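Here is the structure we will look at.
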Amino acid sequence: MCCNCENKNQNTARLDGVLDAYGGSKGNLITVLQKAQDIYGYLPSDAVKHIAERMEIPPAKVLGVATFYAQFRLKPVGKYLILLCQGTACHVNGSSAIEDEILSFLSTPDYTVREGETTPDGLFTLKNVACLGCCSLSPVMMINGETYGGLTKEKTRKILQGLADAEKAAGGAV
């Protein structure tokens, strides 16, 4: 074979059950995108094209919806997705210092991680968000759905180090 067509078809075939269940109505586009992201961890371009074809929606519209909502990702993320709140309460209570601490922890002498990027080992991704709805816990971050509040630089580093150590003990990356 001269291209990756077979792999592409196998990859998008994982979506067929979702599209069979929800793809009959254009009003279900967000649901289909959510389910696709659950399958892949993000929305690969092949999946977006497949959804557009099956739902008979222009690819630009599917991509427009995917880029409009902050819940959707177009790039793979690390095993641990760190959502750092940058809302007013968190900002006032020091979220910028927490962001600096996270970026310092994630960076290596050879690679500086920036917001929105994933560490080279694929373990961590930092994403700033407008609000996590936990103002009384500010500053706050969420990692894979678990909320950590009342953050200090020391507490933040300890949380991240605990995840990295657990991964190392399990024989994973790091």
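Some observations on this one:
- Kirkwood Rh in Å, taken over the range 80-169 so that all alpha-carbon pairs contribute: 12.9
- Tail weight of P(r) past 27 Å, computed on alpha-carbon pairs of the chain, percent: 39
- Calculated mean residue ellipticity at 222 nm for the chain: -14000 deg cm²/dmol, from DSSP H runs with n ≥ 4 weighted as -39500 (n - 2.57), summed, divided by the residue count and rounded to 500.
- Long-range HN-HN contacts of V140 with modeled amide H, under 5 Å: C85
- As a rough guide to protection, the peptides 53-61, 79-87, 118-126 ranked by mean Cβ packing within 10 Å, highest first, stand as 79-87, 118-126, 53-61.
- Over the range 44-94: Rg over Rh, Cα atoms, Kirkwood Rh: 1.18
- Karplus-derived HN-Hα couplings along the range 38-55 (A = 6.51, B = -1.76, C = 1.60, θ = phi - 60°), whole Hz, x at Gly and Pro: 4, 6, 9, x, 6, 10, x, 4, 4, 5, 4, 5, 5, 4, 4, 4, 5, 8
Any read-out appearing in this document is the output of simple, stated calculations on the displayed coordinates, not a laboratory observation. Nothing here was measured: the structure is a model prediction, and the numbers come from that model. Here the Cβ is made from the backbone with ideal geometry for all residues, glycine too, and neighbour counts use every protein chain on show.
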